[in-house]
Amino acid sequence: MEINIENNQTQVEITDDILQLIRTAVERCMELEEFSRPYEINIYLVDNEYIKELNSKFRNIDSPTDVLSFPMVNMVNGKIINLEGDIDIGTEAVILGDIVISMEKVLSQSQEFDHSFERELAFLVTHGVYHLLGYDHEVVDDTMFERQYEVLNTMGLGR
């Protein structure tokens with residue numbers, strides 16, 4: 001597995017503990033899904049202005065959101081439908097896609113929802129991962145959120 005994290009924001013000092021929290025959240029999602037193939041996920045930590053630009057460009061929304069996912073593999077509920085060349089030839093890893101997280105939103109939402117910065121960050125990471133895996137919270141069932149909460153509980157970040 002390869003989890004690439006790029007810090008492109010100015011609001012939060014990104015410590016080794018934060019990097020480990022992000023990696024652990026991704027790994028726990030993939031373990032829960034029993035995803036056995038090598039995989040690659042890119043995570044970008046950004047400011048509100050940058051995620052607002054992405055929302056405007058890709059979603060026709062003129063405001064920042066907390067997390068965006070850009071899947072590279074066609075998946076539904078954790079199962080690959082087809083790969084269409086989304087393999088890193090050097091490592092044979094499935095390139096699942098990119099997750100973009102507004103660290104400004106992590107800060108503000110942790111205060112708004114009255115929980116820790118770590119819990120909010122882990123929630124947004126898991127949310128992004130589950131979108132890459134083809135889960136959708138817009139459907140009737142709560143499977144995506146249930147899986148997210150299960151991951152947070154295993155990390156000691158449940159409510």
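The values are calculated or read from the model by the stated rules, or taken from the named source; none is laboratory data. Source: prediction; values computed, not measured. Note that we place each Cβ from the backbone using ideal geometry, even for glycine, and neighbour counts take in every protein chain shown. The protein model used for the area step is the full one, side chains on, heavy atoms only, and it has no ligands, DNA or RNA in it. Shrake-Rupley method; radii C 1.70, N 1.55, O 1.52, S 1.80 Å.
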Mind checking which residues of the range 3-53 are part of a helix (DSSP H, G or I), among the hydroxyl-bearing types (Ser, Thr, Tyr) and open to solvent by 50 Å² or more (accessible area, probe 1.4 Å)?
50
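Any idea which of 55, 77, 42 is under 22 Å from residue 149 (Cβ atoms) and either touching a residue at least 12 places away in the same chain (Cβ under 8 Å) or in contact with a helix residue (DSSP H, G or I) (Cβ under 6 Å, 6 or more places away or on another chain) (or both)? Spell out the reasoning first.
On the way: 55 fails: under 22 Å from residue 149 (Cβ atoms); 42 fails: under 22 Å from residue 149 (Cβ atoms).
77 is the lone residue from the list that is under 22 Å from residue 149 (Cβ atoms) and either touching a residue at least 12 places away in the same chain (Cβ under 8 Å) or in contact with a helix residue (DSSP H, G or I) (Cβ under 6 Å, 6 or more places away or on another chain) (or both).
Does residue 102 meet the test of being in contact (Cβ under 8 Å) with a residue 40 or more places away in the chain, in contact with a Ser or Thr (Cβ under 8 Å, 6 or more places away or on another chain) and open to solvent by less than 30 Å² (accessible area, probe 1.4 Å)? Even if it seems obvious, please write down each step before you answer.
On the way: in contact (Cβ under 8 Å) with a residue 40 or more places away in the chain: yes; in contact with a Ser or Thr (Cβ under 8 Å, 6 or more places away or on another chain): yes; open to solvent by less than 30 Å² (accessible area, probe 1.4 Å): yes.
Yes, satisfied.
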Can residue 124 be described as open to solvent by less than 30 Å² (accessible area, probe 1.4 Å) and not small (Gly, Ala, Ser)?
yes
Can you pull out the residues in the range 143-159 that are open to solvent by 70 Å² or more (accessible area, probe 1.4 Å) and free of Cβ contacts under 8 Å to residues at least 12 places away in the same chain?
146, 149, 153
Would you be able to say whether some residue in the range 134-142 is under 19 Å from residue 17 (Cβ atoms) and open to solvent by 20 Å² or more (accessible area, probe 1.4 Å)?
no
Could you go through the range 87-94 and let me know if any residue there is surrounded by fewer than 18 Cβ atoms within 10 Å (Cβ to Cβ), under 16 Å from the mean Cα position of the chain (by Cα), outside any strand (DSSP E or B) and without any contact (Cβ under 8 Å) to a residue 60 or more places away in the chain.
no
So is residue 62 surrounded by fewer than 19 Cβ atoms within 10 Å (Cβ to Cβ) and in contact with a Ser or Thr (Cβ under 7 Å, 6 or more places away or on another chain) or not?
yes
